[in-house]
Amino acid sequence: MFDTPVLPRLETILAEVKSGDLVVPQFQRPFVWDDDRRLNLLDSIVRGMPIGSLLVWRTNRRDLLFYDKIGGIQLAGPSKGNEKVNYLMDGHQRISTLFGALYPEDRGPSEDDQVRWPLYYDLAEQDRPAFRLPPRRGTPPAHWLPLNILLDGDKLFDFTQRLRANGKRDLAKDAERLANIFRDYIIPVVPMVTEELDTVTDAFVRINSQGKGMSEAHMLRALTHLESIDTASHFEEVREQLEPLGWGNLDDQILVNVLKAQLGLDVYASNVREVRDRLREDPEPLKRLTGVLSEVVTFLAEIGVRGPGALPYAYQLVALAALAAKLPGILAKPEVQELLTHWFWVTTYTEHFTGMTGTQIRDAIHHIVMLAQGHDAAMQVNIVEPLTRLRMPSVRARGFLLFLAGLPSDREARMRQQKRLGTGDSQAVLSLFPAQSRAHLGNRVIADPSELKEIRKALDSAHLPPKTIDEFGIPASALRELPNRGAFLETRARWLIDTEREFIRSLDLVVADDAWSDDEGDDDRWR
């Protein structure tokens, strides 16, 4: 299965990437390395450290999708002819970094701005590492050596001649020495020659399960891509369909866990190979994923959850999706909606899913199915912890914010609040007064910066329009405390706590203790 390992120079490997003799299949995760990892890799080469071998799959298959850009440089794809294709199975991040940094070719204007090219080496820097990102403004200093000329003899000669003309012969020699290091650097390549997909996928999983491997979603994408099932395209379809509903940025791992739950697998203990094997037998759960999740998020919107950012637990969505897959159309029944709305709030306020094992999550899914079918499935825990400070991203705080977003009596105002919270944007929940604590319950509102500016102006005049009072949860009792901001925040916090307490009681839940009891004696507990 394994052919003889070879020891090519880095320059040869990069030339094979450019010519199409070595291609990166799309089942590899996209380029994700940050700037520090890119620069550290280059520094390792200069120091003569090994950076690991490359695993290459040699096969007759030519039907796999591949990346047509590496390091921002356009590629032609696999070379033509009857020879085997060489797919890079391990090393995409390293090869993308080295190809993007060293290959002597300019990039077009459409290159992704998130990755900064070209990279440089500061020849005048005495300390190491001396690799540099391109400056945000202006041109780099004359002694910054562009790495993408190191393998281009003519451009490197011109650069070193300019240094010599300016009396910097030592820097010119350093540039030539650096070029030789990169040109002659050897990276071991281990070819794997087989047409057995099980062997290839097993090797791929073993490699990428070590250390900081791929996410489960990327791993599943790779395994199913080789099987022509292609979870990646289905996941993308899910996001496109859910985008108008505010759920277009649903996390990959949630989608993987929804699949696991539909397939009856343990969301923690099962691995992606088990998911792949089940989908081999029956790909229908993957095909139904869009419809199932559309049903779930439509139901969640009815109870005020209008995006992943407002969801207290991802496993609430997973459980609802398992129910919708098992009993299609069940979430549209009014009597079931009432039961599940109560279930949602109870699991949120009692922090039901915190610390659950995979087996317990399966039990929770069984519980919700029994509940929807009309069986007596009351939950045992009914105690809710009191909320004194807004500590994000705790589930208790998420539950409070979701409650806060549902306070406006005007439907359009309520939807605006819920959608804003659903985005998960860090700027969705802002402080009324920046000098006061962000954790103070009375100091937080769900608003965008432009709205907040108007609210602050109105608070300075102690006169807020009724629609503003309604939308942003500011009671008249708090307004009467202005211009004393401290008293305003204390009164608003007290009102919010009391109002939420009544809502909690309506769910047949009990707050553990009275947060406003006189024996506390802590006037600063809301700050």
Check your understanding: If you go through region 22-52, how many residues are surrounded by 15 or more Cβ atoms within 10 Å (Cβ to Cβ) and assigned to a loop (DSSP other than H, G, I, E, B)?
Key -> 9
Check your understanding: Is it true that I469 is in a helix (DSSP H, G or I), in contact with a helix residue (DSSP H, G or I) (Cβ under 8 Å, 6 or more places away or on another chain) and without any contact (Cβ under 8 Å) to a residue 12 or more places away in the chain?
Key -> yes
Check your understanding: Would you say D106 is at pLDDT 90 or above, open to solvent by 10 Å² or more (accessible area, probe 1.4 Å), under 27 Å from I181 (Cβ atoms) and in a loop (DSSP other than H, G, I, E, B)?
Key -> no
Check your understanding: Of these, A439, A462, A428, which one is at pLDDT below 90 and open to solvent by less than 40 Å² (accessible area, probe 1.4 Å)?
Key -> A439
Check your understanding: If you check V336 against the conditions, is it open to solvent by 70 Å² or more (accessible area, probe 1.4 Å) and of a type in the set (A, V, I, L, M, F, W, C)?
Key -> no
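Go over the candidates I330, I303 one by one and state the one that is touching a residue at least 12 places away in the same chain (Cβ under 8 Å), within 17 Å of M415 (Cα to Cα) and open to solvent by 10 Å² or more (accessible area, probe 1.4 Å).
On the way: I330 fails: within 17 Å of M415 (Cα to Cα).
The conditions single out I303.
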Exercise for review: Any chance you could count how many residues in region 472-517 are open to solvent by 40 Å² or more (accessible area, probe 1.4 Å), over 25 Å from P449 (Cα atoms) and not in a helix (DSSP H, G or I)?
Suggested key: 5
Study note, to complete from the structure: Here, helices (runs of 4 or more DSSP H) confined to region 163-282 with at least 1 residues that are over 30 Å from A142 (Cβ atoms) and open to solvent by less than 30 Å² (accessible area, probe 1.4 Å) are 197-208, 216-226, 231-242, 252-262, 272-281
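Just to be sure before I move on: is I469 modelled with pLDDT of 90 or more, β-branched (V, I, T) and buried (at least 19 other Cβ atoms within 10 Å of the Cβ) in the structure I sent? Even if it seems obvious, please write down each step before you answer.
Numbers: modelled with pLDDT of 90 or more: yes; β-branched (V, I, T): yes; buried (at least 19 other Cβ atoms within 10 Å of the Cβ): no.
No: the conditions fail for I469.
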Exercise for review: Scan region 375-425 for residues that are touching a residue at least 40 places away in the same chain (Cβ under 8 Å), under 25 Å from the mean Cα position of the chain (by Cα), crowded, with 17+ Cβ neighbours inside 10 Å and closer than 22 Å to E490 by Cα and jot them down.
Suggested key: L390, R396, R398, G399, F400, L401, L402, A405
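Please indicate, with yes or no, whether at least one residue in region 139-148 is in a loop (DSSP other than H, G, I, E, B), closer than 20 Å to Q93 by Cβ, of a type in the set (S, T, Y) and at pLDDT below 95. Lay out the reasoning, then the answer.
In the first step, residues of region 139-148 are kept if they are in a loop (DSSP other than H, G, I, E, B); the result is 139-143.
This time we only want the ones that are closer than 20 Å to Q93 by Cβ, so: none.
The answer is no, given that none of the residues of region 139-148 is in a loop (DSSP other than H, G, I, E, B), closer than 20 Å to Q93 by Cβ, of a type in the set (S, T, Y) and at pLDDT below 95.
From the set of residues in region 76-97 that are among the aliphatic types (A, V, I, L, M) and out of contact with any helix residue (DSSP H, G or I) (no Cβ under 7 Å at 6 or more places or on another chain), which is least open to solvent (accessible area, probe 1.4 Å)? Walk me through it before giving the result.
Let us first name the residues in region 76-97 that are among the aliphatic types (A, V, I, L, M), namely 76, 85, 88-89, 95.
Narrowing further to those that are out of contact with any helix residue (DSSP H, G or I) (no Cβ under 7 Å at 6 or more places or on another chain): 76, 85.
Values: A76: 89, V85: 7 Å².
So the residue we want is V85.
The values are calculated or read from the model by the stated rules, or taken from the named source; none is laboratory data. Computed from a predicted model, the values in this text were never measured in an experiment. Quick reminder, even Gly has a Cβ in these numbers, built from the backbone with ideal geometry, and neighbours come from all protein chains shown. These area figures cover heavy atoms from the full protein model, side chains too; ligands, DNA and RNA do not enter into them. Shrake-Rupley method; radii C 1.70, N 1.55, O 1.52, S 1.80 Å.
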